[in-house]
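In what follows, a single structure is set out as structure tokens and then discussed.
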Amino acid sequence: MARPIVCSIKPIAIALMIPLGIYGRAPMAAPQTDQPAAAAVPLSASAPAAVATQAELYQQAIGNSQFKVNRLELKNNGYTAESGKLVSALGEEEGALIMVRAPGGDVTGLVSRAGRTGLLRTNANGEPTVAYDPEYDWLKHDFVVEDEVVSESSPSGMSDRYTEIDFLMGFTQAALDQYGGDPQAYALLQLESVQASLVNSGLGHIHPILAGIRIYEENIPTTPDGLNRWRVLLREVRGDYQHDMNAGYSLGGDAAGWAGVPDDTSVNDIRHVAAFKHELGHNVGGSHCNSEGTDNYRFGYDAGDNVRSNLCGNNLFYYSGPDVTANGRVLGNARTADMKRLWREQLNRMSNYSPAFSGYRLIHVGNDSTLILDASRSAAYMALDPDIGPTEPQGYSSGPYTELKVPLTRAADGQVHRVVLRGYCEAEDRDLVTMNNINRCGRDGQATLRLSFRTVDNKTLPEGWYNGTLNLKVRRSLSVTPVLVSVSVKR
């Protein structure tokens with residue numbers, strides 16, 4: 001969603017931008033205990049900056065290439081996103097490496113090199129593995145022309161200011177079974193692949209943000225019909241997640257992905273880890289290659305020698321533009337291939353499918369989640385609805401945790417059930433207290449909320465996935481700020 005810097009109240013991450021410095025799997029359902037998993041690394045002005053991933057976790061995957069880091073961002077849930085270019089000993093760009101590191105240290109990555117793209121992960125022993133994508137022709141027809149107006153320009157000045165686009169991402173159970181890892185890490189990886197492309201193309205002021213995750217048991221194919229199904233499913237919950245764009249992840253179909261042109265939705269085969277940045281280009285309003293050289297700038301570009309943009313080949317991480325270069329080659333043309341211009345023009349549309357959400361977001365998938373905020377004084381997290389949990393702060397803890405009764409929708413039948421989550425806050429003595437204990441919530445300048453799902457609290461729930469949102473608020477000093485939690489849990 002579009003929001004100017006001056007109005008932003010979302011210090012959601014500490015981002016360290018590293019200009020070309022060279023640097024030599026989280027489980028779905030962890031074993032359940034009475035306490036939540038270990039907390040993520042705290043974030044504050046005094047906390048250490050984001051730490052780069054150890055080279056031994058990716059060196060084998062990139063061969064003799066060097067990793068030149070462009071972005072390194074520590075998020076407020078403990079995940080670290082890292083992206084940059086792979087270059088040869090002669091300094092030529094050979095591909096890209098995108099990585100997301102979970103709070104526990106597990107790495108999920110995208111490696112693109114020598115014409116091959118694959119999913120990089122650390123296994124249970126911390127050893128890196130790469131599963132390469134199936135061979136694919138990225139010029140295969142994969143989009144559906146929609147009725148939205150593509151020529152509409154963003155308001156004057158918006159095209160260069162900091163703007164967030166909030167994404168809701170859906171996964172089928174079949175796609176997750178194929179992937180076998182942490183859905184949040186995969187979702188963040190996909191968004192970072194777009195962020196890297198935007199930065200490389202001179203559009204670093206545009207920021208794709210993860211607004212939520214939903215998991216479905218229905219088998220939705222990667223086809224035009226599947227695209228429409230994802231569009232219906234994710235649009236109908238836009239009021240809950242307050243998001244802009246939709247992306248569905250499926251297994252199997254007739255293409256690596258499908259997207260509307262222009263549109264708010266894409267479907268992507270989870271076996272093609274680089275599909276999303278390509279399909280999103282279609283959502284912006286672009287097509288593959290302007291092979292006829294017509295007067296239409298809404299295309300990708302092939303500069304020769306394997307230098308191709310996201311829409312016209314998809315081997316490098318760029319959107320076309322006459323002032324975009326890779327390996328000394330211009331990657332666009334003002335008349336025939338300028339996706340950079342189209343991104344600017346469509347930014348208002350893409351970031352305003354929902355009103356801007358002024359608050360903090362938290363993604364809860366599986367058992368545990370953590371939100372870490374700066375708090376110079378005591379803080380308290382509370383529900384907005386008394387039927388869900390306490391709505392006011394207390395000066396004491398009435399139990400070991402706050403019980404939250406959250407209405408969530410069962411994916412199998414669409415029925416709404418009350419699902420119990422436990423809410424904790426970390427205290428100065430490292431104890432876990434009720435999340436609304438304003439006298440003890442807060443430690444080392446942090447107000448750390450931890451949510452946990454436990455089967456023992458939900459014994460009567462039918463089995464399956466449950467999705468929805470939880471609206472909280474956080475009080476710090478004299479301010480109160482909304483917290484919107486995306487919840488996906490499996491009983």
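For the reader, a short list of remarks on this structure follows.
- Residues being part of a strand (DSSP E or B) and not acidic (D, E) - total across the range 302-348: 7
- Within the range 240-257, the set of residues being outside any loop (DSSP other than H, G, I, E, B), within 24 Å of G180 (Cβ to Cβ) and of a type outside the set (G, A, S) comprises N246, Y249.
- Summed over the range 172-188, residues that are out of contact with any Ser or Thr (no Cβ under 8 Å at 6 or more places or on another chain) and small (G, A, S) total 2.
- Options G293, G281: the member that is surrounded by 23 or more Cβ atoms within 10 Å (Cβ to Cβ), in the same structural domain as E345 (by the TED database) and either at pLDDT 95 or above or in a loop (DSSP other than H, G, I, E, B) (or both): G281
- Scanning the range 438-463 for residues that are under 28 Å from the mean Cα position of the chain (by Cα), surrounded by fewer than 17 Cβ atoms within 10 Å (Cβ to Cβ) and modelled with pLDDT of 95 or more gives T455, E463.
- Scanning the range 229-249 for residues that are crowded, with 24+ Cβ neighbours inside 10 Å and either in contact with a Pro (Cβ under 6 Å, 6 or more places away or on another chain) or acidic (D, E) (or both) yields a single hit, D244.
- Of the numbered criteria (1) part of a strand (DSSP E or B); (2) on the phi < 0 side of the Ramachandran plot, the one G95 fails is (2).
- Contacts under 7 angstrom Cβ, first residue in the range 72-84 being in the same structural domain as P208 (by the TED database) and of a type in the set (F, W, Y), partner part of a strand (DSSP E or B) and at pLDDT 95 or above, 6 or more apart: Y79/V100; Y79/R101
- The one condition from (1) farther than 21 Å from A259 by Cβ; (2) at pLDDT 95 or above that D374 does not meet is (2).
- Residues that are small (G, A, S) and more than 19 Å from I438 (Cβ to Cβ) within the range 360-384 comprise G366, S369, listed in sequence order.
- Going through (1) under 20 Å from A411 (Cβ atoms); (2) in a strand (DSSP E or B) one by one, E463 falls short only on (2).
- One residue from A131, A185 being at pLDDT 95 or above, under 28 Å from G253 (Cα atoms) and part of a strand (DSSP E or B): A131
- Flag if V307 is touching a strand residue (DSSP E or B) at 6+ places or on another chain (Cβ under 7 Å), under 30 Å from V111 (Cα atoms) and among the β-branched types (V, I, T): yes
- For N314, the requirement of being buried (at least 21 other Cβ atoms within 10 Å of the Cβ) and either among the small types (G, A, S) or farther than 12 Å from V284 by Cα (or both) is met.
- Residue within the range 163-175 that is crowded, with 19+ Cβ neighbours inside 10 Å and assigned to a loop (DSSP other than H, G, I, E, B) present: no
The values are calculated or read from the model by the stated rules, or taken from the named source; none is laboratory data. A quick note: this is a predicted structure, and the numbers were derived from the prediction, not measured. Cβ atoms come from the backbone with ideal geometry, glycine included; neighbour counts cover every protein chain shown.
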